[in-house]
1. Ordered by residue, what ³J(HN,Hα) values in Hz, to whole numbers, does the range 37-42 give under the Karplus form 6.51 cos²θ - 1.76 cosθ + 1.60, where θ = phi - 60° and Gly and Pro are x?
2. Taking a ≥ b ≥ c as the square roots of the Cα gyration tensor eigenvalues, with a/c under 1.5 meaning rounded and otherwise prolate when a/b beats b/c, else oblate, which class fits the range 75-174?
3. Quick one: Cα centre-to-centre distance for the range 1-35 and the range 70-133, in angstrom?
4. For the ranges 168-179, 89-100, 15-26, what's the packing order if you count other beta-carbon atoms within 10 Å of each residue, average per peptide, and put the highest first?
5. Taking the number of other C-beta atoms within 10 Å as the exposure measure, put LEU38, LEU29 in order starting with the fewest.
6. Which value results for Rg/Rh of the range 1-127 when Rg is the Cα radius of gyration and Rh the Kirkwood radius based on the inverse mean 1/r?
7. Could you work out [θ]222 nm for the chain from helices alone, using -39500 (n - 2.57) per DSSP H run of at least four and dividing by all its residues? Round to the nearest 500 deg cm²/dmol.
8. Which loop trypsin sites (Lys or Arg not before Pro) in the range 67-147, with loop taken from DSSP, have no more than 11 other Cβ atoms within 10 angstrom of their Cβ?
Amino acid sequence: MARSLASREPRGARLVIGIDGPTGAGGDLIARQLSFALGGSIVPLTDLVLPAHRRDDDSGVPIDVDALQEFVMEPAEMGDPVRYPMYRPDDASLIEWVDIPSDGPIIVEGAFAFAEGLFEQYDATIFVDCDATVMMRRRAMLWGGASAEAWDVTVGESERRYFDSAQWSHRATYSLDTTQGVR
């Protein structure tokens with residue numbers, strides 16, 4: 001897959017790859033492997049999570065899509081420097097500005113990466129899925145049982161609705177099932 005992605009011609013100035021999938025499916029690991037193989041930079045969507053008071057309840061998307069568009073997607077297309085704000089998820093205060101190196105692909109990774117018209121803007125898309133029980137076990141191992149349960153209450157339902165309605169696995173350039181692990 002990395003060889004195929006490396007040979008893709010970007011639509012804009014930089015190759016932009018989107019990786020989407022349920023939390024715990026392994027998208028972050030795929031992103032790290034691709035970043036190593038391609039010399040790219042990762043934009044984890046966890047950096048752009050909106051606090052509950054700033055979310056649009058109608059869309060159910062907890063990511064600042066406008067910031068992703070303005071600070072990552074548009075500059076990447078134009079060949080401008082990519083610099084985006086990393087937010088504190090509880091109150092949306094600025095933690096820091098993250099500068100992306102000016103060479104190599106950009107890999108946008110995280111649940112909701114294909115939301116609100118973003119899917120069509122990527123040069124390649126990867127959908128990562130996994131058995132629900134395995135994802136729950138992975139989240140609990142990473143965050144602890146209570147945090148994994150809190151995630152399920154706060155984000156889980158909107159994530160399930162998002163994935164159930166979109167059928168990304170059939171639309172993405174690549175679709176991976178990581179139930180047996182990531183190779």
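Throughout, read-outs are computed from the coordinates displayed, never taken from laboratory work. Here the structure is a predicted model, which is why all the values come from computation and not from measurement. Note: ideal-geometry Cβ built from the backbone for every residue, glycine included; neighbour counts use all protein chains shown.
1. 5, 9, x, x, 10, 9
2. Numbers: a/c = 2.10, a/b = 1.29, b/c = 1.63.
It comes out oblate by the Cα gyration axes.
3. 11 Å
4. By packing density, highest mean first, the sequence is 15-26, 168-179, 89-100.
5. Going from least to most buried by this count: LEU29, LEU38.
6. Working: Rg = 13.9 Å, Rh = 14.7 Å.
My calculation of the ratio gives 0.95.
7. Numbers: 8 runs with 59 residues, N = 183.
Theoretical 222 nm ellipticity from helices: -8500 deg cm²/dmol.
8. none
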